[in-house]
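Q: Here it is, the structure, as structure tokens.
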Amino acid sequence: MGTFLIYSKKSGMSPFDLQYHPPPMNVLGIETSCDETGVAVYSTERGLIADALHSQVDLHAMYGGVVPEIASRDHIRCLLPLITQVLGEAGIDKPDAIAYTAGPGLVGALMVGSGMANGLGLAWGCPVIPVHHMEGHLLAPMLEDDPPQYPFLALLVSGGHTMLIAVHGLGDYDVLGTTLDDAAGEAFDKTAKLLDLGYPGGPALAALAQDGDDAAFALPRPMLHRPGLDFSFSGLKTAVMLEVRKTRENGTFAACRADIAASFQRAAVDTLVGRALQAAARQELERIVVAGGVGANKLLRKEVADRFAGQVYYPRLAYCTDNGAMIAVAGALRLADAHEAAEIRAQARWSLATLSPPGT
Ligand code: KG4
Ligand code: ZN
């Protein structure tokens, strides 16, 4: 039921402008894969028109990490009020489609978003779109004024994933490299714990590193000189652990904490950037997208921009970590996959490599 733009001599349009214009759609995005409840409305005509986020950081902080049961219960508590809030901000009674994170993530947390999306879809008679969480991260730069063109290399770095992906088009992904052990975010979080920093560790470690000397400790840059494009962070983590133990034993730990944080951050960033540059060169890609929670790291953003000769794109800081806006925009780009609300889909594990272009 779209509108057709008809070629008219008066308007001066060329016959090549004759194209089908689908009606504008408002897509509600729901993110509940881990410890953030994110909800947003993306209009295919006007872009992002409403966005809200509830972080559970305070709830999990005393446990030093995410407690899945607490995460699910808090999503249940917050999700509907957030949906009511963003629909109000968007000035609409109901959306035209609902996109929700169907995986990967904590299965109980995913089921809250999936159940809500399908329930509302049935009640409102609007279709639902299951979205892959990492594709959401990958597409977050599409929310910016100057989005990347395909093809590009994506460096996806979050709490659960570290991946290098050749993105040929929407849903056309080649996973070039991944981590053999810890994810980049996990390495930041575990190192932060060793340094007595709270959860989540990444931002706290980055803040402490600002006061440190990044050359004070010689830490390894794992895998950088090995063939292939995979990552490994366990060697770096062990090296940090040994330095922490040594400084605790000789009584210099407190004085050295910032130096250890800075040296770790420099080693992790060198590894991520080094591998990304190798991948871009091998694939002859001229654009790099950095996304996912660790993509909020300022040193990483700066180093990729300084060392890569091509164009670098990142989402703004708020859209690096989990949010509803990236799910809403991914849903808008995947409208061809919208289906009747029926099935509550929640996959703890889901490989990005299995995705295909929308409508296929
Ligand atoms: O993408 P995200 O919000 O959740 C997952 O999908 O995992 O990423 C969270 C991860 C955490 O490990 C967190 O410590 C890390 O991103 N992170 C950072 C920074 N901000 C968040 N790591 C380093 N520097 C930061 N500024
Ligand atoms: Zn994420």
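Readers should treat all values here as calculations from the given coordinates under stated rules, not as data from a laboratory. Predicted, not measured: the structure shown is a model, and the values here were computed from it. Virtual Cβ from ideal backbone geometry, glycine too; neighbours counted across all protein chains shown.
Q: Could you give the longest part of the chain that holds none of the trypsin sites (Lys or Arg not before Pro) found in DSSP loops with at most 13 neighbouring Cβ atoms within 10 Å?
A: 47-315
Q: In deg cm²/dmol, rounded to 500, what helix-only [θ] at 222 nm does the chain give when every DSSP H run of at least 4 residues adds -39500 (n - 2.57) and the total is split over its residues? Walk me through the numbers before you get to the answer.
A: Details: 10 runs with 140 residues, N = 360.
Taking each H run of at least 4 residues, the total per residue is -12500 deg cm²/dmol.
Q: Give the order of Phe231, Phe217, Phe253 when sorted by the count of other beta carbons within 10 angstrom, beginning with the fewest. Walk me through the numbers on the way to the answer.
A: On the way: Phe231 26, Phe217 22, Phe253 17.
Neighbour counts put them in this order, fewest first: Phe253, Phe217, Phe231.
Q: Shifting gears a bit: Starting from 0.36 nm per residue, how many nanometres of slack lie between Arg73 and Arg307 once their C-alpha separation is accounted for? Display every interim value, and only then the final one.
A: Working: separation 234, 0.36 × 234 = 84.24 nm, distance 4.38 nm.
Gain on extension, Arg73 to Arg307, equals 79.9 nm.
Q: Using a 7 Å offset from Cα along Cα-Cβ at Glu89, what residues in segment 305-343 end up with backbone N under 18 Å from the label point?
A: Correct set: 316-332.
Q: Springs between alpha-carbon pairs under 10 angstrom, Gaussian network model over the chain: which of Leu28, Leu205, Leu236 fluctuates most?
A: With Cα springs under 10 Å in the chain, the top fluctuation among Leu28, Leu205, Leu236 is at Leu236.
Q: Using +1 at the Cβ of each Lys and Arg and -1 at the Cβ of each Asp and Glu in the chain, identify which of His54, Gly159, Ala279 lies farthest towards the dipole's positive end.
A: Result: Ala279, furthest along the dipole toward the positive end.
Q: Another question about this same structure. Using Cα springs under 10 Å in a Gaussian network model of the chain, which residue among Gly292, Gly64, Gly113 shows the largest mean-square fluctuation?
A: Top of the fluctuation ranking is Gly64.
Q: 5 Å is the cut-off here: which amide hydrogens, built 1.01 Å from N in the peptide plane, fall below it relative to Leu176, excluding neighbours closer than 5 in sequence?
A: Amide H neighbours of Leu176, under 5 Å, 5+ apart: Leu164, Ile165, Ala166.
Q: Name the residue, out of Asp146, Asp259, Asp270, whose mean-square fluctuation peaks in a Gaussian network model built on the chain with Cα pairs under 10 Å.
A: Asp146
Q: Kyte-Doolittle mean at least -1.0 and Cα extent at least 18 Å along the axis: which DSSP H helices of the chain qualify?
A: Working: long enough: 68-90 (31 Å, 0.33); 107-124 (25 Å, 1.21); 234-249 (22 Å, -0.42); 253-283 (44 Å, 0.35).
Span-like helices, by this rule, are 68-90, 107-124, 234-249, 253-283.
Q: Another one. Under Stokes-Einstein, with the Kirkwood radius over Cα pairs standing in for Rh, what whole-number D in µm²/s applies to the chain at 4 °C and 1.567 mPa s?
A: On the way: Rh = 21.4 Å.
For the chosen part, D equals 60 µm²/s.
Q: List every residue whose amide H lies under 5 Å from the amide H of Asp182, counting only residues 5 or more places away in sequence or on a different chain, with H placed 1.01 Å from N in the peptide plane.
A: Result for Asp182 returns Phe233, Ser234.
Q: Share of antiparallel DSSP beta bridges in segment 152-314, in percent to the nearest 5? Don't skip to the answer; put the middle values down first.
A: Working: 12 of 20 bridges.
Within segment 152-314, antiparallel bridges account for around 60 percent of the total.
Q: Okay, moving on. Tally the DSSP beta bridges in the chain and give the antiparallel ones as a percent, rounded to 5. Before the final figure, lay out the partial values.
A: Details: 29 of 46 bridges.
Bridges in the chain are about 65 percent antiparallel.
Q: Estimate the FRET efficiency between Glu144 and Leu180 by the formula 1/(1 + (r/R0)^6), using the beta-carbon distance for r and 41 Å for R0, to the nearest 0.05. Intermediate results must be reported in sequence, preceding the final value.
A: Details: r = 32 Å, r/R0 = 0.78.
About 0.80, to the nearest 0.05.
Q: With θ set to phi - 60° and the Karplus curve 6.51 cos²θ - 1.76 cosθ + 1.60, what are the ³J(HN,Hα) couplings of segment 41-48 in order, to the nearest whole Hz, using x for Gly and Pro?
A: 10, 10, 9, 5, 9, 10, x, 6
Q: Starting at the first residue of segment 335-342, write each ³J(HN,Hα) from the Karplus equation 6.51 cos²θ - 1.76 cosθ + 1.60 with θ = phi - 60°, in whole Hz, x for Gly and Pro.
A: Residue by residue, segment 335-342 yields 4, 5, 9, 4, 9, 4, 5, 8 Hz.
Q: Shifting gears a bit: When only alpha-carbon atoms count, how far does segment 152-314 stretch along each of its three principal axes, as whole angstroms with the largest first?
A: Rounded to whole Å, the extents work out to 53, 26, 26 Å.
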